[in-house]
Amino acid sequence: MRSNLTRRRFLSTTCASAAAAGLSGLDARADRLTAPVDDKLAALGGTPVRSEPFPSWPVIGEREEQDLIGTLRGKRWNRIGGSHVEKFEKVWAERTGAQHCLATSSGTSALVCSMNALEIGPGDEVIAPVYTFVATVNPVLLQHALPVFVDTDRETFQIDAGKIERAITRRTRAIIPVHLGGAAANLDAILPIAKKHKLFVIEDACQSHLAEWRGRKVGTYGDLGCFSFQASKHLNSGEGGAVISNNSELIEICKSFHNQGRGEMNAGMAYVRNGDNRRLTEFQGALLLAQLTRLEDQARAREQNAEYLTKLLREIPGIAPAKMYEGCTRNAYHLYMLRYDAQAFSGLSRERFLKALRAEGVPCSSGYTPLNKEPFMKNTLGSRAFRYIYSPKVLAELEERNRCPENDRLCQEAIWFTQNMLLGSKTDMDQIAEAVRKIQKQASLLARA
Ligand SMILES: Cc1ncc(COP(=O)(O)O)c(C=O)c1O
């Protein structure tokens, strides 16, 4: 039976949720008409379910323009002597509920500063999820420590906290829970393990601005919490990042490290430790302050749309949207993630399904590849420094310990939609589900084509 949506030849849509969220300039597509819908798959020459693009990212307004030009003309481009970065740090600490915040040049920089503040180094092991972006573990490797991967909970796409304890050895120094895709890792399970084994916790909250665990912002539970403001992120300055903490000593070390080891921000040529330049510029500080004004409204729009989309997609056999742990009281929805079961689509491979979905006007991707199997791991662990520090036995054992079969399976099943798609209208969500249903109905035809 054809659904109401398919039966209608033309669909009119308003951008109700985007407008309600005050997303100026985001999606002024009220009363637009979408492409005509017919039954024939777009991949087989039919008309796509939708032809309008989803809301573009980033969203900008006059304030960004004015503040960037103001910064340019003010000629204080470096944070030392400027005011935007410092102001942003105060505001971001307030918004997250942390006592301290240090802005950094990227999320990776935030993690590198954290590693240095905790003196993680050669001989140490750091536990991390395997389903994450490479930047979670590159800072571990930069310290010449060993990343120990823990398998994924396929239902939630998060680290399987039930498998963390068996990954701990006497060399383990820290755990990096990643709040992947904007949902929270299972902190109720992770924090007691860290406490029991006296391990540091560095939260990788790079994808989870304003996400919450039991009503408190993620990033505030660990010793340090790291955020990214890279271009795809909900708070965006092209590149950028921040470390938050309630531990003033740790933040002071991060601050010193990110500023070439100076004891004070303005210390001139006096250095107290080894450091690096991981500073954020005043241009980025100005952009972040402007972008912050939309963050909450956009978060609400994403939540509303994602919840509605989940209701629709859950009804489709073979489509399993990522679940959240009960303690995750707010999901930032940086990624909308789901699992695809080809069996429910007449054996149509995920890759062909993705292609067909894109043809219907719904951008999508297959997400991460297994990080433990990427060549960078073997190449880095086989490099001179690592061979010098670790015995061949330790390195061989690590390869064995880092096997993650559930994650291998997840990487074959995952499908992602990007966060900007959740900033549109309810009709946009209807059309995503409609496109999936349309493909399912004709999956056997497509599989044979
Ligand atoms: C989970 C995760 N960790 C760390 C990072 C690193 O952030 P950046 O790209 O700002 O260095 C990212 C960003 O893409 C990320 O998604």
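Structure notes:
- Sum of -39500 (n - 2.57) over DSSP H runs of 4+, divided by residues of the chain (222 nm, nearest 500): -11500 deg cm²/dmol
- For the stretch 138-153, putting each phi into the Karplus relation 6.51 cos²θ - 1.76 cosθ + 1.60 with θ = phi - 60° gives couplings of 4, x, 5, 5, 4, 8, 6, 9, 9, x, 10, 7, 10, 4, 9, 7 Hz, in residue order, rounded to whole numbers and with x for Gly and Pro.
- Annotation: lysines with alpha-carbon distance below 17 angstrom to LYS441 (same-chain offsets under eight excluded): LYS40, LYS355.
- Candidates HIS179, HIS209, HIS144: whichever shows maximal mean-square fluctuation once the chain is modelled as a Gaussian network with Cα springs under 10 Å: HIS144
- Under 5 Å, built H, 5+ apart or other chain: amide partners of PHE200: ALA174, ILE175
- Taking the charge dipole of the chain about its Cα centre, with +1 at Lys and Arg Cβ atoms and -1 at Asp and Glu Cβ atoms, the residue from THR369, THR104, THR281 reaching farthest to the positive side is THR369.
- A Förster distance of 22 Å, applied to the separation of the beta-carbon atoms of GLU326 and GLU252, puts the FRET efficiency at 0.05.
- What you get for the chain, charging only the Cβ of Lys and Arg (+1) and of Asp and Glu (-1), is a dipole of about 620 debye around the Cα centre.
- Projecting the Cα positions of CYS328, PRO192, TRP416 onto the charge dipole of the chain (unit charges on Cβ atoms of Lys, Arg, Asp and Glu, taken about the Cα centre) puts TRP416 furthest along the positive direction.
- Gyration tensor verdict on the chain (Cα atoms; rounded if a/c is under 1.5, prolate if a/b is larger than b/c, oblate otherwise): oblate
- Using a Förster distance of 30 Å, the FRET efficiency for THR369-VAL91 (Cβ separation, nearest 0.05): 0.25
- Dipole magnitude for the stretch 131-196: computed about the Cα centre from +1 point charges on Lys and Arg Cβ and -1 point charges on Asp and Glu Cβ, it is near 400 debye.
- For THR152, distant residues with modelled amide H under 5 Å away: ASP160, GLU406, ASN407
- Charge-dipole axis of the stretch 353-411 as Lys and Arg at +1 and Asp and Glu at -1 on Cβ define it, positive-most pick from TYR388, CYS404, LEU354: TYR388
- Simple spin-label estimate for ARG387 and SER51 gives 6.0 nm between the two label positions (7 Å along the Cα-to-Cβ direction from each Cα).
- Modelled spin labels at GLU155 and ARG314, positioned 7 Å past Cα toward Cβ, are 1.3 nm from each other.
- FRET efficiency estimate (nearest 0.05) - Cβ-Cβ, LEU395 to ALA231, R0 41 angstrom: 0.70
- Close amide H pairs (under 5 Å, H built 1.01 Å from N) link HIS334 with GLY182, ALA183, residues at least 5 positions away or on another chain.
- Integer Hz, Karplus 6.51/-1.76/1.60 couplings in order for the stretch 228-234, x for Gly and Pro: 10, 10, 5, 3, 7, 7, 5
- The stretch 247-311 versus the stretch 118-146: alpha-carbon centroid distance in Å: 20 Å
Bear in mind that the values in this text are calculations on the coordinates, not laboratory data. Not measured: the values here are computed from a predicted model. Neighbour counts are summed over all protein chains in view; Cβ atoms, including those assigned to glycine, are modelled from backbone coordinates with ideal geometry.
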